[in-house]
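For reference, the structure discussed in these notes is given below.
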Amino acid sequence: MSQKMTRRRLLLGGAATAAVAIVKTSFGKMVQTGIPEAALDPTKHVGPLPSALGTRSPFEHPQRKATLTSSQTPLQDLYGIITPSDLHFERHHAGVPAIDPNTYELLIHGMVDRPTIFSLSDLKRFPSVSRICFVECSGNFRKPDKESITPQDICGLTSQSEWTGVMLSTLFREVGVKPKATWFLAEGSDAAVMTRSIPVSKGWEEAMIVYAQNGEAIRPQQGYPARLLLPGWEGNTSIKWLRRIELSDGPFMTREETSKYTEPVKDGKIRQFSFTMDARSIITYPAYPVQVQKGWVEIRGLAWSGRGKIARVEISTNAGKTWNIAQLQEPVLDKAHTYFRYLWQWNGDTTEIMSRAIDETGYIQPSLEQLIKARGIGTGYHLNPVTAWLVKRDGQVVYKPEQWK
Amino acid sequence: MFKLRMPYWACVAGIAMSSCEQRADAVPIHFGYGRAATANEIAGKAIAIPPSGIGLPPGNGTVQQGAVVYASKCAACHGVTGVEGPFNILVAPDTANAIPFDRAPKRVKSIGNYWPYATTVFDYVRRAMPYNAPGSLSDEEVYSVTAWLLYANKLIDTTTIINAKTLPAIVMPARKYYVTDNRKGGNGPYE
């Protein structure tokens, strides 16, 4: 209490001579509303004292772009490989449920020796593991027909966190998964009661049930209090708000693995269980709406692959005629966003810049044309084409619309 | 970075079983956390219906009853006949034999021309629809509205009763087009 008084007096003292706005609220309390302008000399005024919760600088406004069904990460505003939790993309099918961690339960049953219910604190007692990996929606592609498009618009449905939780294999052993179980159903407790069927092998290999994201409890939008995490696989399979796992000897053919998250491919076929996210990259700087100046420009961006590590990122600054190797920033992790840089001297001529990722399997990120040639024009999902940015004479960088053909 | 001393699955799979058991510091197979789930608890939660139809509840649905359910609880969002929207089109606007999807960028995908299993209709509607009141339909209502949707998609006639026996037996036209993903990475041709 007395500390608060001291603090208020200090702030008032500062306000007497400067633009710190002290506002009287309806309760008659004096509050400081922040220092919106840089006009103050910060060396002449005591700033706000320590507080319970940190904030961004009032000069920074990174924001997700939200529609009715998703929100996209502002890739162009970020540095490095970790997505701040409040900027992690969202895709959910019936809103964000409010789940009480004290009554939360995870049921594991079906082809197991011991059907078991775990509370959240049970899950937290098991040996824990942390892992940095991306989560990307398999619908992470826009085919805009205009130039005013940002990296966020094109592929903002990918984000990366450090996730902490328990290996699913630990729980599989705990409940005694039977050898004949080949698939499991994961079910969420949102209003869509979202379900996906997953091969048991992924469960034994690297699946996790995570309850923490970037050092704190997982965010509600990302599955609070616990979600499945399947590194490298399309985001929809990493069921959020996980309430149930049912071991089985076949897939359940849920709506999300039939009507949705399947793609038409050549010869009239419909491809199903396309779990893995293929390698992709995007230049996040310079990109629309940035305007560059003649001289040295550091090209920066992200590359990632659901099949392993990024082996190489190549940059073209002449519309794909020649390619040069970009520098990869450590750490280069398995199934993780990897940061790349390439120093380029722009001579002021109109040109196109683009990046392509090569992963450790030797896969080379394709062009949109190559993808459509391989799958047909009716395809959808799992589109990971090279993205080109057009640098105009005045330095204005814009998206280069591509024909869907 | 996330591997513990001994991969758990190796113990379970019987690989290096002896070393699992002999090491004093080996990770235990069983921690004893959690509590046993009762048959009742499981029955109340195990609502997923696979193509075999195992788990389908008792009851019957008719196209006629389904038309009533659809008109009052679904049509506002999916259109009077299932094609008008504003939300997902539920009735295939063309026949199963129209040009394949890979050659038609805007071909509408719906139950009659794209869904591979009829059991999915029951499962999905029961868990997630109507969108504004998910989980509010009785099993009989779900059977009936499923019957209506199958009828509207020209997959059954007006006299077919939909229940735990008849639903899994329906062969969906799109079923034969489904293939499992075969992309493998590497620098072979794109797939």
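Laboratory data are not the source of any read-out in this text; all were calculated from the coordinates shown. The shown structure was predicted, so the numbers you read here are calculated from the model rather than taken from an experiment. So basically every Cβ, Gly included, is an ideal-geometry build from the backbone, and we count neighbours across all protein chains shown.
When you filter the chymotrypsin sites (Phe, Trp or Tyr not before Pro) in the range A:338-405 for DSSP loop state and at most 13 other Cβ atoms inside 10 Å of their Cβ, you are left with A:Trp404.
Using the Cβ-Cβ distance between A:Arg219 and B:Asn132 with R0 = 35 Å, the FRET efficiency computed as 1/(1 + (r/R0)^6) comes to roughly 0.85. Taking the DSSP bridge list for the protein assembly as shown and keeping only pairs wholly inside it, about 90 percent are antiparallel. Residues considered: A:Gln222, A:Gln329, A:Gln365. Largest GNM mean-square fluctuation over chain A, using C-alpha springs under 10 Å, is found at A:Gln329. Sequence-distant contacts, meaning Cα pairs under 8 Å at least 6 residues apart, place the relative contact order of chain B at 26 percent.
Under the rule that an exposed site lies in a DSSP loop and has at most 15 other Cβ atoms within 10 Å, name the longest stretch of chain A with no GluC sites (Glu not before Pro) of that kind, not counting the sites themselves. The segment A:61-405 is the longest one with no such site. Between the residues A:Ala66, A:Ala287, A:Leu120, the greatest Cα displacement towards the positive end of the dipole of chain A, with unit charges on the Cβ of Lys, Arg, Asp and Glu, is found for A:Ala66.
Converting phi to 3J(HN,Hα) with the Karplus coefficients 6.51, -1.76 and 1.60 and the offset θ = phi - 60°, the range A:257-269 yields 10, 10, 4, 10, 6, 10, 9, x, 10, 3, 6, x, 7 Hz in sequence order, with x at every glycine or proline. Given in Å, the Rg to one decimal and the Dmax to the nearest whole number for the Cα atoms of the protein assembly as shown are 27.0, 86. Using a Gaussian network model of chain B in which every pair of alpha carbons under 10 angstrom is joined by a spring, one finds that among B:Ala48, B:Ala39, B:Ala75 the greatest mean-square fluctuation is at B:Ala39. For the range A:253-290, the residues whose amide N sits under 17 Å from a probe point set 7 Å from the Cα of A:Leu343 along the beta carbon direction are A:286. Distance between the pseudo-spin-label points of B:Lys154 and A:Lys373 (7 Å out from Cα toward the beta carbon): 3.7 nm. Note on A:Lys392: lysines with a C-alpha under 29 Å away, same-chain residues under 8 apart excluded, are A:Lys65, A:Lys143, A:Lys146, A:Lys294, A:Lys321, A:Lys400, A:Lys405.
Note on A:Ile82/A:Glu352: beta-carbon distance plugged into 1/(1 + (r/R0)^6) with R0 of 35 Å gives a FRET efficiency of 0.75. Structure remark: mean-square fluctuation, Gaussian network model of chain B, C-alpha springs under 10 Å; the largest value among B:Pro57, B:Pro28, B:Pro86 belongs to B:Pro28.
Can you tell me how the range A:280-399 classifies by the Cα gyration tensor, rounded, prolate or oblate, using a/c under 1.5 as the rounded cut? Here the range A:280-399 falls in the oblate category. Using a cutoff of 8 angstrom between alpha carbon atoms and counting only pairs six or more residues apart, the relative contact order for the range A:280-399 works out to 33 percent. Coordinate range of the alpha-carbon atoms in chain B per principal axis, descending: 68, 51, 30 Å. Listed by chain and number, the aspartates and glutamates whose alpha-carbon sits under 14 Å from that of A:Lys269, ignoring those within fewer than 8 places in the same chain, are B:Asp102, B:Asp181, B:Glu191. From the cross-link list A:Lys202/B:Lys154; A:Lys335/B:Lys45; A:Lys124/A:Lys178, which pairs have alpha carbons spaced over 30 Å apart? In this structure, A:Lys202/B:Lys154; A:Lys335/B:Lys45 exceed 30 Å between Cα atoms. Under the simplified labelling scheme, the A:Glu360-B:Ile42 pair shows an inter-label distance of 3.9 nm, with each label point 7 Å from Cα along Cα→Cβ. As a proxy for reagent exposure, ranking A:His92, A:His382, A:His61 by other Cβ atoms within 10 Å from fewest up yields A:His61, A:His92, A:His382.
The mean sequence distance of close C-alpha pairs (under 8 Å, at least 6 residues apart), as a share of the length of the range A:85-271, puts its relative contact order at 27 percent. About its Cα centre, the protein assembly as shown has a charge dipole of approximately 520 debye under the convention of +1 per Lys or Arg Cβ and -1 per Asp or Glu Cβ, with nothing else charged.
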